[in-house]
Every structure is written in C-alpha cells, then in structure tokens.
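This report refers to the structure that appears directly beneath it.
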Amino acid sequence: GWLKEQGSTVVTLGAYAQAIGAIAGMLGLIVIGVVTGVVRTALRDWGFTLTRSARGFRRQRGLLTRTDVVMPAHRVQGLVIGTGLVRYRLGWHGLSFVSLAQDAEGESHVVAPFAQMDEIAPIVAAAGFDLPDDTTQWQRASKQQRNDKAALDSAVFVGLAIAAAIFAPPGLFLLPLGAAVLAVAANLYAWEFRRHALSATQIFATTGLMSPTSRIATRLKLHSVEIAQGPLARLRGYATVHLGLAGGDFAIPGVPLAEARQLRASIMETIAATDYSRLDAPLEEAGVMP
C-alpha cells in the first residue's frame, strides 16, 4: 500500500519532477554501490601480502575469509593492469596475472590491488615481463573504426531525442541530444587511448578513456591469432585481432586490415619457431624423464 501511494504521488508531480526523481534515484544507487564496494574490498584485501620465493608468488589476504595462494612464475601467461574512475586520477592501479587457473569460476590472480606504477614495475619484472617504455612504438586504432563507433553510439541518443521531441514535453529532447554530442566527443577522445604495440618478445594493448586497461602478453605463449571482421568492418577496411591466450582473452579492436595481417604474421613467426612437442626431448635424453 505504501509503494502504491508513493507511485501515485510521483505520477502527479509531472514529467520534469519525475525525471529529477529518476536521476536522484540513480545517484543514490551509485552512492550505495560505492560504499558497498569499499567495504567488500576492505574485507577481501585486509592484510594483503605478496612474496616471491623459489616456487613462485605467494599471496595472502582476507579478514573474514583468509586465502593463501601460490602462483608459479612460469605459469603466468599474461598481465592485466587496470584502474578505476577515481583511482586513475590518483595514480592507483591494480595488477593481475593471467593463468590457466582463471578458467575456474571465482579464481582471482590479483597480485597488486592498489599500487603506483613504480610499485608495479618490480612485480612485472619478477614475473618475467617488461612494461612499455619510451622506445615502445605504439599504433592507434583505425580512424574509420573510430568514426563508425562514434556514429553508432550517438545514433541511439539521436533516436531518443527524436522520440522525446514527438512524445515528451517541450525541451526534454535536449537531454538525449546533449548525450549524443557527448558520445561523439568521448569516442573521438578515447581513440587516443586505443592503441597497441609489438616488441621483440611481447605484445601490448591499451583501451579505455576514463579508466584505461592495459594488457601484456608474451608472444611465445600465445596459441593462435584470429582476424575477425563484421559487415561494417569489411566495408571500411579494419578488423579485430583476437589472440589465443590461455586462461584469458586478448583482443585488439579496430586494427587496419593490412596491419592486422602483418601483426598476425609476426606473432605466428614467433609461435611457429618453437616445436613444443620437442621441449621434453633434452630431459628424455638426459634420463630425467621416462
């Protein structure tokens, strides 16, 4: 009965008051989500310690539920460096390992939940990886993909603006129209952060505008390279490169088709240079393995 009464009250307030009420409700949900996230993070990462031993990395954390995980360094397939909307502005990032164990539901290989980049660098080096530096030659996504993404994202808001202009009170169509302009501007600016690079031993990729995410993988540990094109991408001449990474996913969107083929050829040359069926041959010849 109380809910029905409140609903009737909201209906009598008018369209603008209803819109303001909806926005206030969304802001309230955001605040509740932030507080809940902080509490969960504090309970999960309480007493966090990471040590490096001969067996690999050992991570201990948790207040209510204490976990103790050992991760062999040679089993690390790749790295993910992520951040958040607020953490990025404060210079905080999180580092996670990618391994086959992540195929199991609920497995987490976070090795640095909150760290500055100068604190992450020693962990990356201990895992046998290198961070990109000033000599890294970055390649950005295709401009055609940038323009297509901006047009598709803004088309939704333009449609809402047209519908609001027809059915909603006067002036309300300006909200989705402004959102369309922001969507175009955000996509054009986010293009600066969609980039990738290839070194002699690794591949790097970065995506994200407000909270960028970086992925690093060793070329030798990749299992496959796939070039995927949708109808629009085939028409416009770009593709998404999917890299077969055990225990994780690694995709580079918006790569010009010629560059995608060259990228595939370079990575496959590294992969094909190692005959994995012969890795145990020296041990067999030495009598170590039956």
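The values are calculated or read from the model by the stated rules, or taken from the named source; none is laboratory data. Note that this is a predicted model, so its numbers are computed, not measured. Counting neighbours? That spans all protein chains shown, and the Cβs are built from the backbone with ideal geometry, glycine included. Ligands, DNA and RNA are excluded from the accessible area calculation, which covers all protein heavy atoms including side chains. Shrake-Rupley method; radii C 1.70, N 1.55, O 1.52, S 1.80 Å.
Its Cα centre serving as origin, the chain has a Cβ charge dipole (Lys and Arg +1, Asp and Glu -1) of approximately 460 debye. The modelled label-to-label distance for the pair Thr213/Ala258, using points 7 Å beyond Cα in the direction of Cβ, is 3.2 nm.
Dipole magnitude for segment 42-157: about 160 debye, using +1 per Lys or Arg Cβ and -1 per Asp or Glu Cβ, origin at the Cα centre.
Which residues make up the longest stretch of the chain clear of trypsin sites (Lys or Arg not before Pro) that lie in a DSSP loop with no more than 10 other Cβ atoms within 10 Å, not counting the sites?
Working: sites that count: Arg55, Arg66.
Maximal segment without exposed cleavage sites: 67-290.
Where in the chain are the helices, taken as whole DSSP H runs, whose Cα atoms extend 15 angstrom or more along the long axis and whose Kyte-Doolittle mean reaches at least -0.5?
15-44, 143-167, 174-190, 257-272
So if we plug the beta-carbon distance of Ala168 and Asp249 into 1/(1 + (r/R0)^6) with R0 = 41 Å, what FRET efficiency do we get, rounded to 0.05? It would help to have the intermediate numbers written out before the result.
Details: r = 41 Å, r/R0 = 0.99.
Calculated value: 0.50.
Projecting the Cα atoms of Leu257, Leu232, Val156 onto the charge dipole of the chain (Cβ charges, centred on the Cα centre) puts Val156 farthest toward the positive pole.
Which value, to two decimals, describes the C-alpha radius of gyration of segment 114-185 once divided by 2.2 N^0.38 Å?
Taking the Cα Rg and dividing by 2.2 N^0.38 Å, one obtains 1.93.
Extent of segment 152-285 along its three principal axes (Cα atoms, max minus min coordinate, largest first): 83, 31, 22 Å. What the Cα atoms of segment 27-183 give is an Rg and a Dmax of 21.9, 69 Å. Extension gain, Tyr189-Leu27: 0.36 nm per intervening residue step, less the Cα-Cα distance, totals 55.8 nm. From the square roots a ≥ b ≥ c of the eigenvalues of the alpha-carbon gyration tensor of the chain, which class results: rounded (a/c under 1.5), prolate (a/b over b/c), or oblate? Note, shape of the chain comes out oblate. Each of Ile216, Ile203, Gly178 was placed along the dipole of segment 109-220 (beta-carbon charges, centred on the mean Cα), and the one lying farthest toward the positive end is Gly178.
In this label model, Leu182 and Leu131 are separated by 3.2 nm, measuring between points 7 Å along each Cα→Cβ vector.
Given a 1.4 Å probe and the protein chains as shown, Tyr189 ends up with an accessible area of around 130 Å².
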